[in-house]
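Just below is one structure, and these are the notes that go with it.
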Amino acid sequence: MNTIAKHYIDGAFVESHGTEVMDIIKPTNGRVIGRVTLADEEDTKHAIAAAKNAFAGFGRSTKEERTRILRRLHEAASARLDDLTAAMVEEYGGVVRFAGLIVKSGIDAFLAAEQALQEIPLTRSWGKTTVTLEPVGVAGLITAWNANALFICLKLASAVAAGCTVVIKPSELSAIQTHVLIDALHGADLPKGLLNVVTGRGNVVGAELVRNPDVAKISFTGSVGVGKSIMRDGAETMKRVTLELGGKSPTILLDDAALDQAIPSALVMAFLNSGQACAAGTRLLVPKSRFDQVKRAIVEAMAGFPVGDPADPKTAVGPMVSQKQYEQVQSYIRKGIEEGAEVLVGGEGHPGGFEGGFFVKPTVFVNVKNDMVIAQEEIFGPVLSVIAYDSEDEAIRIANDSRYGLHAAVLGADLVRARRVASQIRAGRVVINNMMDDPQAPWGGFKYSGIGREYGRFGIEAFLETRAILE
């Protein structure tokens, strides 16, 4: 039984002032595996004060000083890679073959930020004018539960590279993962107050970060509804904001695609992180001329996406993070059936043999119209909508007919054509033929998918302000 009753403030683990205790539930079986004491406003104010005090010194740090800290953070987190992966599998139910990649990507964000920092000129001069890029101040980092270590490390790396001090509010559903990570980062010998972490509810800890005048910047990953409230409430104190708010990502399968390669790729993107991923390609657009072929190919390929114990390397789809999330996914599956979409594979209920946890059946709907709820709203589970199109122009129109614009994919044999199609999709990142990543490429979205960008120099610059001195 894990009992977590402390927060990380001013370089030390301190007893929580907050007294609310929450059970930590294992998603594979619904059993209590720990308890966490949640932070309150006083804990949050204590953390903000520590960060403000530390910023007085760290805000004047040099590139060299920040580089050394980023390297120490990387070394400290790398030493606990296996522990961090195991925590993600146990507490979140992330499948181990994906969890390891996610955690390592987060750890490597420190090195990526170090590289990007070297490429940013922090001082520019002409004539008698000098312009410097200055850290914005204390940053509140609010992270989601579906990739805890990745989000914390990524945001922390960018903020540190910029010279900001931070207060992190991780999801309360990630308390064990957070504890392992912060215990590791404590070994990086950071300046006191640079890193502060308070685990609590969004309407308590998050709300204090957003309204507190000593916090200059909010970087948030989560829902559209919360993102809107951060923009609205943060305006009172002129908060700078970076918001990554999810997606309903289209995958366009062109008529020249080799289905034996394209369909498995499309399903990997659809069921990414058990479908609990903002980048998941949950709309598959296919030419009508190949619709029947695509349906057969999907049914055949589903054997490669078994549901099971997330600790088993063979498992592709694990449980949902909570009973609440399980019920949300079930409600969308029922809605799809009510709307007249056809269930090709999957459907309502638990997969056979997995009734005890929060497992859902990976579900593929066909004969979906793009104006259906299941094609427009982010389900955040392993549910794919297959939509037919007549022409390339119609495929592009359908792809862009969404309030979201985070991620997209194009699958096709002719790369020149695929790039042409990709260039017309209104999304922050578009991949061609395979899910891939570049730690220096910007991450963020158009429209309701958010504001601003993360990763590389784009992510660091989000924590900087310009100052001009004229003689």
Condition check for Arg290: farther than 23 Å from Arg417 by Cβ, among the basic types (Lys, Arg) and either outside the structural domain of Ile102 (by TED's automatic domain parsing) or in contact with a Leu (Cβ under 7 Å, 6 or more places away or on another chain) (or both) = no
Note on Arg60: of the conditions (1) more than 30 Å from Pro121 (Cβ to Cβ); (2) among the charged types (D, E, K, R); (3) not in a helix (DSSP H, G or I), unmet is (1)
Which ones in the stretch 210-254 are in a loop (DSSP other than H, G, I, E, B) and free of Cβ contacts under 8 Å to residues at least 40 places away in the same chain?
-> Pro213, Ser223, Met238, Lys239
Determine if the stretch 285-298 includes at least one residue that is within 21 Å of Val96 (Cβ to Cβ) and acidic (Asp, Glu).
-> no
Check whether at least one residue in the stretch 256-277 is over 21 Å from the mean Cα position of the chain (by Cα), closer than 25 Å to Ile398 by Cα, of a type in the set (A, V, I, L, M, F, W, C) and part of a loop (DSSP other than H, G, I, E, B), and report yes or no.
-> yes
Does the stretch 372-385 contain any residue that is assigned by TED's automatic domain parsing to the domain that holds Val294 and more than 27 Å from Gly227 (Cβ to Cβ)?
-> no
Please find, within the stretch 458-471, the residue that is nearest to the chain's Cα centre (by Cα) out of those that are surrounded by fewer than 20 Cβ atoms within 10 Å (Cβ to Cβ) and at pLDDT 95 or above.
-> Phe458
Filtering the stretch 294-309 for residues that are in a helix (DSSP H, G or I) and in contact with a strand residue (DSSP E or B) (Cβ under 9 Å, 6 or more places away or on another chain) leaves a count of 5
Ile398: passes all of (1) out of contact with any Pro (no Cβ under 8 Å at 6 or more places or on another chain); (2) at pLDDT 95 or above but (1)
Of all residues in the stretch 382-409, count the ones that are in a loop (DSSP other than H, G, I, E, B) and crowded, with 24+ Cβ neighbours inside 10 Å.
-> 3
In the stretch 96-127, how many are crowded, with 19+ Cβ neighbours inside 10 Å and touching a residue at least 40 places away in the same chain (Cβ under 8 Å)?
-> 14
Exactly one of Ala51, Ala76 is among the aliphatic types (A, V, I, L, M), assigned to a helix (DSSP H, G or I), in contact (Cβ under 8 Å) with a residue 24 or more places away in the chain and surrounded by 22 or more Cβ atoms within 10 Å (Cβ to Cβ), and that residue is Ala51
Tell me, yes or no, whether the stretch 304-312 has at least one residue that is acidic (Asp, Glu) and surrounded by 15 or more Cβ atoms within 10 Å (Cβ to Cβ).
-> yes
Take Ile374 and decide whether it is surrounded by 19 or more Cβ atoms within 10 Å (Cβ to Cβ) and closer than 20 Å to Ala399 by Cβ.
-> yes
Report, by residue number, each residue of the stretch 1-52 that is more than 26 Å from the chain's Cα centre (by Cα) and at pLDDT below 95.
-> Met1
Looking at this structure, is Gly93 surrounded by 15 or more Cβ atoms within 10 Å (Cβ to Cβ) and on the phi > 0 side of the Ramachandran plot?
-> yes
Could you list all residues from the stretch 195-218 that are among the hydrophobic types (A, V, I, L, M, F, W, C) and within 21 Å of the chain's Cα centre (by Cα)?
-> Leu195, Val197, Val198, Val205, Ala207, Leu209, Val210, Ile218
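The values are calculated or read from the model by the stated rules, or taken from the named source; none is laboratory data. Not measured: the values here are computed from a predicted model. Every residue, glycine as well, gets a Cβ built from its backbone with ideal geometry; the counts of neighbours run over all protein chains shown.
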